[in-house]
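Working notes, beginning with the structure itself.
The values are calculated or read from the model by the stated rules, or taken from the named source; none is laboratory data. Values in this document were obtained by computation on a predicted structure and should not be read as measured data. Using ideal geometry, Cβ is built from the backbone for each residue, glycine included, and neighbour counts are taken over all protein chains shown. Remember, those area values only see protein heavy atoms, side chains included, never the ligands or the DNA or RNA. Shrake-Rupley method; radii C 1.70, N 1.55, O 1.52, S 1.80 Å.
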Amino acid sequence: MSDKIQILIAMVIYMAVVIGIGAIYAKRANKNSEEYFLGGRSLGPWVTAMSAEASDMSGWLLMGLPGVAYWCGLADAFWTAIGLAVGTYVNWLIVSKRLRRYSVRANNSITLPEFFSNRFREKKKTIMFISAAFILIFFTVYASSCFVTCGKLFSTLFGTSYHSMLILGAAFVLLYTILGGFLAESVSDFMQAIVMIVALTTVVIIGVINAGGFSAIIDNAKSIPGFFEFMGIASPETVEINGADTQVVKDGILSWAKAKDYSILTVCSAMAWGLGYFGMPQVLLRFMAIRKESELKRSRRIATVWVVISLSVAVFIGIVGRHLFPTAHLTASSAESIFITMSESFLPPIIAGFVMAGILAATISSSDSYLLIAASALSKNIFQGVIKKDATDKQVMTVSRITLLVLTLVGILIALDDDSVIFKIVSFAWAGFGATFGPLMLFSLFWKRINKAGAIAGMVSGAGMVFLWKLGISKLGGAFAIYELLPAFIFSSIVIVVVSLLTKAPSKEIEEDFEAVRSGADIQ
């Protein structure tokens, strides 16, 4: 039996298990929309923690982050990982309990747009409509990054067409999401979180052994200008080949330009990834879905340990891969396949198949979350919340499934470019959510004076600044070439405060809700 067939068999077995989980929970998921979209608030602490992190990290953890470290060295990947680790912990520490409690108080809200709308007791559902629209936009982009991962994974492994594998992977994710809903997604995400961390640690251990130990890896990294520095960054010398910036190889030796400086501002820019957590729907929904508020402390510990280990190993895989396969990947897009290269090269085929199922695990765990939340935004929040307020649960579920199909097709169209860089796609969508919902979430939970006008202005200004900074201001270079999430998050926060203070204070009922939640009156 050929190596490729063994790898394929292992991955098919894994996919069958995932489908099986969806089938088991399909009946319960389809009882009503609360079960389908939030699992009936029944998640335990382990499933809450692991599913939150697995759905959050996606395929970029196994491909995007190692690819960044492989391409330009330690600094970018390291500071991004630090920001994510800190953001994870702080989000679980200060947001999780308050949101779980407040979402129950706010008319038992089961989606993020519904929570924001009920939090401000709005009648015209303006906040619900705007927040649902932004979720549709950014999650469609996010889902496309997962489809890119599927296309790269299977086309790299089996030498097949990127586009055909992209479509096949998207179809599988769509089928699974329609079948099982939130509960199946969360339970399978728990399993997939385990697969992801086992895959990462297995590959890095085998890689270190084959590289001749840590000292050989570190010595190689230090020999590349700026590659193994916290305040510097390597700069591959490239030429354009077939439309892609390709690293120059002279007489079998890679060509490197002068290392670039990594300033304090750049460090802050990379660490700003952590701010994204405060507005990330797939994580925030887990806070709302846990069965008891008291169990969130255990979930926080589990999630933090998982994130620290996974991010550390993912970054180091890129460093190890640059030593072992220095000329295997000559573009930033190709560099994201270093995990696959190492798995195929050092593991028995059947084991490599299960390890690379970790990439599939990461992709499925994220894309099903993205599609499901986006579908709930349109069917539950726009269709039932604004367009047809007397819609039945059956009608909501039908619209949800149609939405899933449409979003999948749009995601495929975005992902058609086979030179797409997963990390870049994810970074834009992450900034979008972080700036649109992050400041609003924090002020909604912790500032009594925020009102509806401030909430709307904050969302619109945060999302608008992400686009403006990414597509315009950042092109000025220098201090402006920072990650768009940082300025957009700050700008949205300022707008929320200013607009709220300049407009009418919230009603007595809204303030009473806030005080009840703050005092713990609604603890469940």
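Remarks
- Apportionment of accessible area to carbon and sulfur, the chain, percent (1.4 Å): 66
- Greater than 21 Å apart at Cα, pairs in 424/452; 124/508; 448/504; 222/470; 123/452; 4/152: 424/452; 222/470
- For region 297-417, convex hull of alpha carbons as volume per residue, Å³: 173
- Helix-only [θ]222 nm of the chain, DSSP H runs n ≥ 4, -39500 (n - 2.57) each, per residue, nearest 500: -23500 deg cm²/dmol
- Against the set (i) 74, 52, 41; (ii) 151, 59, 45; (iii) 71, 70, 42, the structure's computed Cα extents along the principal axes in Å falls on (i).
- Dipole of the chain computed with +1 at Lys/Arg Cβ and -1 at Asp/Glu Cβ about the Cα centre; of 161, 482, 378, farthest Cα towards the positive end is 378.
- Backbone HN-Hα couplings from phi across region 286-302 [Karplus 6.51/-1.76/1.60, Hz, Gly and Pro as x]: 5, 4, 6, 8, 5, 6, 9, 4, 5, 8, 5, 4, 5, 4, 4, 5, 4
- Inter-part distance, region 150-164 to region 440-462, computed on C-alpha centroids, equals 43 Å.
- Accessible surface, per residue, of the chain when the full set of protein chains is kept, probe 1.4 Å, Å²: 36
- Rounded tilt (10° steps) of 508-519 against the dominant C-alpha axis of the chain: 50
- By the equivalent-ellipsoid construction on the alpha carbon gyration tensor, region 45-187 comes out with semi-axes of 32, 22, 15 Å, ordered largest to smallest.
- Restricted to Cα atoms, region 159-245 shows a radius of gyration and a Dmax of 20.2, 51 angstrom.
- The string of couplings for region 208-213 from the Karplus curve (6.51, -1.76, 1.60, θ = phi - 60°) is 4, 4, 6, 7, x, x Hz, one whole number per residue in order, with x for Gly and Pro.
- Loop trypsin sites (Lys or Arg not before Pro), region 111-205 (other Cβ atoms within 10 Å of the site Cβ: 15 or fewer; DSSP): 121, 123, 124
- Here's the picture: charge each Lys and Arg Cβ at +1 and each Asp and Glu Cβ at -1 in the chain, and of 206, 77, 134 the one pushed furthest to the positive end of that dipole is 134.
- Range in the chain, longest, excluding exposed chymotrypsin sites (Phe, Trp or Tyr not before Pro) [loop by DSSP; at most 16 other beta-carbon atoms within 10 Å]: 1-229
- Using alpha-carbon coordinates, inclination of helix 45-57 to the longest axis of the chain, degrees: 60
- Mean separation of Cα contacts under 8 Å (6+ apart) over length of region 419-518, as relative contact order %: 37
- Fully extending the segment from residue 126 to residue 325, taken as 0.36 nm per residue of separation minus the present Cα-Cα distance, adds 66.3 nm.
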